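Shown next, in structure tokens, is the structure this report addresses.
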Amino acid sequence: METDDPHRPRPSADEAAAVLREAEQLTSDVAAVKVPAWYFPALGAVVAPYGLITLLPDTAVGVGATFGGVAAFLIAIALIAHYGVKQMGVLRWLTWRETWPVFVPAGVLLVAASAVYLVVDSAWVWVALSLAVGVLIAAFGPYHRRTSPFYRRAESS
């Protein structure tokens, strides 16, 4: 409701309460949208092999393959997001409370891989990191479905 117009009458308490209830219901409905079971395993499957591009040679063919690999990665992520949103009917951002179990371990893995790379100086460290993060993302899907209160609410209804 617009309240910037001084000539427009303010809504009554009942009208304002009804609009607030409607907004709260819409927020609750969007928050309860469930991520498809295939979504996180598909993301993990795309992320896991991504580190292999660090093994490509510094030749024209290697650089071309790197660009091709990055393009394929971005297209795959876009398609997964597109079909996930299409199936859910809405783009729902997970909250920090829901995502910290994937972000914190991924950050720890990144710091650990960086430290290992300083010691061993091998591109295989990044291959291992992408594989580990891919597995982490894929495992996050079932974990999220098991721990999210929205999935439990639907099952108990």
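The values are calculated or read from the model by the stated rules, or taken from the named source; none is laboratory data. In this text the structure is predicted, and so the values were computed from the model without any measurement. Counting neighbours? That spans all protein chains shown, and the Cβs are built from the backbone with ideal geometry, glycine included. Just the protein is used for accessible areas: all its heavy atoms, side chains included, with ligands, DNA and RNA removed. Shrake-Rupley method; radii C 1.70, N 1.55, O 1.52, S 1.80 Å.
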Would you please list the contacts, defined by Cβ atoms under 6 Å and residues six or more apart or on different chains, that run from a residue in the range 113-131 that is free of Cβ contacts under 8 Å to residues at least 12 places away in the same chain to a residue that is of a type in the set (Val, Ile, Thr)? VAL116/VAL125; TYR117/VAL125
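Would you mention how many residues in the range 86-99 are open to solvent by 50 Å² or more (accessible area, probe 1.4 Å) and within 20 Å of VAL47 (Cα to Cα)? First the steps, then the outcome.
The first filter runs over the range 86-99 and keeps only residues open to solvent by 50 Å² or more (accessible area, probe 1.4 Å), leaving 86-87, 89, 91, 93, 95-97.
From what's left, within 20 Å of VAL47 (Cα to Cα): 93.
Summing the residues that are open to solvent by 50 Å² or more (accessible area, probe 1.4 Å) and within 20 Å of VAL47 (Cα to Cα) in the range 86-99 gives 1.
Would you be able to say whether some residue in the range 56-67 is without any contact (Cβ under 8 Å) to a residue 24 or more places away in the chain, part of a helix (DSSP H, G or I), of a type in the set (Phe, Trp, Tyr) and open to solvent by 40 Å² or more (accessible area, probe 1.4 Å)?
Pass one, the range 56-67, residues without any contact (Cβ under 8 Å) to a residue 24 or more places away in the chain: 56-67.
Keeping just the survivors that are part of a helix (DSSP H, G or I) gives 60-67.
Checking which are of a type in the set (Phe, Trp, Tyr) leaves us with 67.
This time we only want the ones that are open to solvent by 40 Å² or more (accessible area, probe 1.4 Å), so: 67.
Looking for residues that are without any contact (Cβ under 8 Å) to a residue 24 or more places away in the chain, part of a helix (DSSP H, G or I), of a type in the set (Phe, Trp, Tyr) and open to solvent by 40 Å² or more (accessible area, probe 1.4 Å), one finds at least one in the range 56-67, hence yes.
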The conditions are (1) within 14 Å of PHE40 (Cα to Cα); (2) among the aliphatic types (A, V, I, L, M); (3) open to solvent by less than 40 Å² (accessible area, probe 1.4 Å), and ALA139 fails exactly one of them. Which is it? (3)
Residue that is farthest from the chain's Cα centre (by Cα), among those in the range 24-44 that are at pLDDT 75 or above and part of a helix (DSSP H, G or I): GLU24
Under 17 Å from PHE140 (Cα atoms), at pLDDT below 95 and not in a helix (DSSP H, G or I) - does that describe any residue in the range 95-103? yes
Would you check if there is a residue in the range 65-79 being of a type in the set (Phe, Trp, Tyr), over 18 Å from GLY89 (Cβ atoms), at pLDDT below 95 and more than 19 Å from the chain's Cα centre (by Cα)? yes
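Out of curiosity, is VAL108 at pLDDT 95 or above, open to solvent by 50 Å² or more (accessible area, probe 1.4 Å) and either among the aliphatic types (A, V, I, L, M) or closer than 18 Å to ALA45 by Cα (or both)? Give the steps one after another, and end with the answer.
Values: at pLDDT 95 or above: yes; open to solvent by 50 Å² or more (accessible area, probe 1.4 Å): yes; either among the aliphatic types (A, V, I, L, M) or closer than 18 Å to ALA45 by Cα (or both): yes.
Yes; evaluated as a whole, the condition is true for this residue.
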